[in-house]
1. What's the ranking of 237-245, 249-257, 210-218 by average number of surrounding C-beta atoms within 10 Å, highest first?
2. Based on alpha-carbon centroids, what's the gap between the range 160-214 and the range 79-132 in Å, whole number please?
3. In nanometres, what is the gap between the two model label sites at Met230 and Leu93, each 7 Å from Cα along Cα-to-Cβ?
4. Ignoring everything but the protein chains, give the 1.4 Å probe accessible area of Glu76 in square angstrom, nearest 10.
5. For Tyr112, Tyr205, give the ranking by accessible area with the largest first, probe 1.4 Å.
6. Not counting ligands, DNA or RNA, and with a 1.4 Å probe, what is Arg209's accessible surface area in Å² rounded to the nearest 10?
7. If I build a Gaussian network model for the chain, linking alpha-carbon pairs within less than 10 angstrom, which residue out of Ala165, Ala43, Ala220 has the largest mean-square fluctuation?
8. Computed FRET efficiency, Cβ-Cβ of Ser260 and Ala50, R0 35 Å: what is it to the nearest 0.05?
Amino acid sequence: MSKLNGKCAVILGAGNRGNMAQVMAKRFRDEGAQVLVAGRKMAELERFAAEIGGHAAQCDITQLADLQALAKTAVERMGSISIAVNATGWGLLKPFLETTTEELVKMTALQYIGPFQFFQTMIKAMPKGGSLIQISSATAKIMLNDHAAYMGTKAGTDHVIRCIAHEFGKHGFRANSISPGLTDTPMTAGGKAIPGLFDSFLKGYPLGRIGTSDDIAAAAVWLSSDECFMTGENLQVNGGLTLRMNPTKQDMAEAIAKASGKA
């Protein structure tokens with residue numbers, strides 16, 4: 001029996017081919033849910049929605065009017081919303097002292113204010129409650145060089161999720177985060193192409209491999225299903241990475257040099 005029969009999901013951040021949000025959306029459809037995918041790249045969203053038999057809507061998470069229109073569109077097309085997933089993000093990689101005010105404003109809009117208002121809007125459009133999911137990051141808990149703005153906003157939104165769980169559980173909402181580590185996705189393809197870089201992360205994973213979007217999708221299905229009796233938590237779906245640590249700059253440099261024969 002499919003785990004999500006009768007449920008209607010909004011997944012924001014699905015505008016890039018093959019990304020984590022698209023993998024989740026396909027898995028949700030396979031489990032019986034109606035799905036509306038949203039993001040900024042409408043052509044790709046429409047292509048993907050047609051592929052999986054879902055719906056598409058354009059939405060910039062930093063624009064409150066877009067979020068309100070998204071909720072309205074989702075209800076009109078699917079009849080209701082019972083699952084809302086935010087999978088947007090920007091992997092700013094920059095030293096602490098070089099991060100500019102403009103970058104901080106952009107990061108905060110995308111990874112703190114945007115998610116805050118996304119969940120506000122979804123809660124208002126979900127009178128019967130449901131499952132709210134934030135895609136966070138293992139780096140909200142453990143260190144990674146040159147990632148302070150990214151890490152800080154992800155950690156802040158994790159606490160917002162806890163606040164939602166505390167306040168809205170009585171109204172039938174579950175709110176949880178999922179924290180991947182380094183994941184093999186289109187966004188990390190550039191890093192994967194550097195010989196040795198991915199290998200430098202492996203010693204941090206007790207389960208011995210880099211994560212995949214399918215790992216995250218499986219966790220999201222469970223969080224969205226009626227089997228889930230959990231709220232206000234952050235699932236560390238990263239092979240045990242948070243038991244150890246990400247590689248340092250020196251670790252990465254040594255692994256790259258070794259792989260390229262320069263060690």
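1. In decreasing order of mean packing, 237-245, 249-257, 210-218 become 210-218, 237-245, 249-257.
2. Result: 16 Å between the Cα centres.
3. 3.0 nm
4. 130 Å²
5. The residues order as Tyr112, Tyr205, largest area first.
6. Surface accessible to solvent at Arg209 totals approximately 120 Å².
7. Result: Ala43 has the largest fluctuation of those listed.
8. 0.25
The values are calculated or read from the model by the stated rules, or taken from the named source; none is laboratory data. Not measured: the values here are computed from a predicted model. Counting neighbours? That spans all protein chains shown, and the Cβs are built from the backbone with ideal geometry, glycine included. Remember, those area values only see protein heavy atoms, side chains included, never the ligands or the DNA or RNA. Shrake-Rupley method; radii C 1.70, N 1.55, O 1.52, S 1.80 Å.
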